[in-house]
Each structure stands twice: as structure tokens, then as C-alpha cells.
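To start, the structure itself, in C-alpha cells.
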Amino acid sequence: MAWRCSGRTNAELVSNLFSAGLITSPRVRDAMSSVDRAHYCPSSPLAAYEDSPQSIGFSATISAPHMHASACENLLEYLPENKDARVLDIGSGSGYLTHVLANLVCGPDGGGAGKVVGIDHIQGLVDLARQNIRRSEEGRRLLDTGKLELVVGDGRKGYAEAGPYDAIHVGAAARELHQSLIDQLKSPGRMFIPVEDPDGWGSQWIWVVDKDHNGNVSKKRDMGVRYVPLTDAPK
Ligand code: SAH
């Protein structure tokens, strides 16, 4: 059903996702409306408003819009606007979701309190994400003020330098629920992470990991998904 949400413009795509109930929160709708997906699909601008993943080079894809929406909705409680929330986006790829997350915590003009770090292990993708984000005035402001930071590194280790985090999003399928990432969550905090099922059949599930006020951790298996793997960096 997801493909039916495709549109001819960014506004139409987001409006279709909202009408179909794939976005339910007006905050997520507004944040996705204000970040033009075509800025993040430079080699396939015609397909930018399709509700499907698109290639971004380096064997990576920008995820489908309904997956970005689902990640934001899942984490929303932990993404308060203007309250100095810290967010880590692992496998930031095109930079699209990193930008939407920054829009959610720093407000629509990017001027509020909050900080989002995007981490990817491919330098070329970090450079591409920076270029993509700089296509809008708000994106340039977020980067120039350091409210949105992009770093190269192994996301399986997280990025303790800017943590702990209210919310961690993982955009590639992990082999396990990495303890190093759980350690970098605030109390309270939440992580959204696709994890490969050890059954050997290649299935993957979203896990939502919550750390409560007392530091107690609970894990819930959510929907079945298909992500590229969280791996060693290519040689
Ligand atoms: N959220 C991104 C998804 C990109 S695809 C988007 O929608 O654009 C997954 C990304 O994970 C790729 O960019 C890939 O380079 C990155 N990745 C894979 N393994 C990684 C690792 N160990 N550390 C950091 N990034 C990783």
C-alpha cells in the first residue's frame, strides 16, 4: 500500500502519507513537509516523491518516506522541540532523516535548542549529506551553528562525544542490540533500531529500546523490515 502514497511534489507525498495514516502526528507531517526530499535524491529527482527507497551511490539508499515517518513517530516523545534534546542518527546516508530530526528538535527555522549528530562510516556519504543539507537556508543554519553535525565513524560504537542521547535512530540493520548504544541513551531515552533475526532466514525486525528514569532498560520487537546491513566500513 505504501507506493500509493507517492506524489508529484514533496507536499503531495507528505499529505498522502498523512491521509493514509502512515504519518499521524502534525509535528512529523510539518517537519517532513519542510525538508524537500528531492534535495536528498540528486541523481533521481523524478523519483524523489515516490514512497520507495532510492539509490544514493556507495551501495546505499535513502530509505522510503513511510520508514522515515515511522522512525520519527516512534521517537517523537523523545524529540521535544526547543528543550535541548540530543539525537544520534546512525547510518545517516543522504542526511534526509538527520535534517528532519534536527527540524523536530530545533524548530522549523532551525533556531531553537537541540542537537542532532549524523554518523556514517563512508566519507563520501558524509560529504554528500552535507551538500544535500546545504541546499536549504534552514539546513545551512543548522550546520553553521553546529546544531546539526555530521561525522565519519563506526555507528556500532555510537558517538559518546555528543551523548548521552534522548533518542538514537539506527538506519541500517544491526547484528545485535549493541550495548554501547544502549549505554549512550539518557534516562529516559529511546532507541529505534532494525536488528537481523538470528534465525538465518534474513528477516529483520525493528526493536524499540527504552531506558526509563531509573535506568531500567526494556526492549520491544516491532514490525518486520528490510534495511541494508550495519557493517564494517568498505576497504
Ligand atoms: N537513513 C539513511 C539510510 C542510508 S542506508 C537515509 O535514509 O538516507 C544505511 C547507511 O548506513 C548507509 O549510508 C551506510 O553507509 C551506513 N552504514 C552501514 N554500516 C555502518 C556503520 N557500521 N557505521 C556507520 N554507518 C554505517
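Bear in mind that the values in this text are calculations on the coordinates, not laboratory data. Please read these numbers as outputs of a predicted model, since none were measured by experiment. Please note: Cβ atoms are built from the backbone with ideal geometry, for glycine as well, and neighbour counts cover all protein chains shown.
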Handout entry: Distance between modelled label sites at residue 161 and residue 59, nm, 7 Å Cα→Cβ extension
Key = 2.6
Practice task
Would you pull out the residues with amide H under 5 Å of residue 61's amide H, same chain only if 5 or more places away, H placed 1.01 Å from N?
Solution key: 56
Problem - Efficiency of FRET between residue 25 and residue 220 - r from beta-carbon atoms, R0 22 angstrom, step 0.05 - result: 0.70
Handout entry: Relative packing of peptides 123-133, 109-119 - highest average C-beta neighbours within 10 Å first
Key = 109-119, 123-133
Practice task
Be a star and scan segment 106-130 for residues whose amide nitrogen sits under 19 Å from the point 7 Å along the Cα-to-Cβ vector of residue 140.
Solution key: 108-112, 127-130
Practice task
Using only the alpha carbon atoms of segment 63-225, find the Kirkwood hydrodynamic radius as the inverse mean reciprocal pair distance, in angstroms to one decimal.
Solution key: 15.6
Fill in the blank from the handout: Proximal lysine pairs in the chain, meaning Cα under 28 Å and 8 or more positions apart or interchain, come to 26
Exercise for the section: Could you grab the relative contact order for the chain? Cα pairs under 8 Å, six or more apart, rounded to a whole percent. Expected result: 14
Exercise for the section: Under 1.5 on a/c is rounded, so check that first for segment 65-146, then, if it is not, pick prolate when a/b is larger than b/c and oblate when it is not; a ≥ b ≥ c are the square roots of the alpha carbon gyration tensor eigenvalues. Expected result: oblate
Practice task
Return the percentage of antiparallel bridges among DSSP beta bridges fully within the chain, rounded to the nearest 5 %.
Solution key: 45
Handout entry: Packing-based ranking, highest mean first, of 98-105, 227-234 given that Cβ atoms within 10 Å are counted
Key = 98-105, 227-234
Exercise for the section: Round to a whole angstrom and tell me the spacing of the C-alpha centers of segment 161-235 and segment 46-76. Expected result: 18
Exercise for the section: Could you tell me which of 78, 125, 104 has its Cα farthest along the dipole of the chain towards the positive end, charges placed at Cβ (Lys, Arg +1; Asp, Glu -1), taken about the Cα centre? Expected result: 125
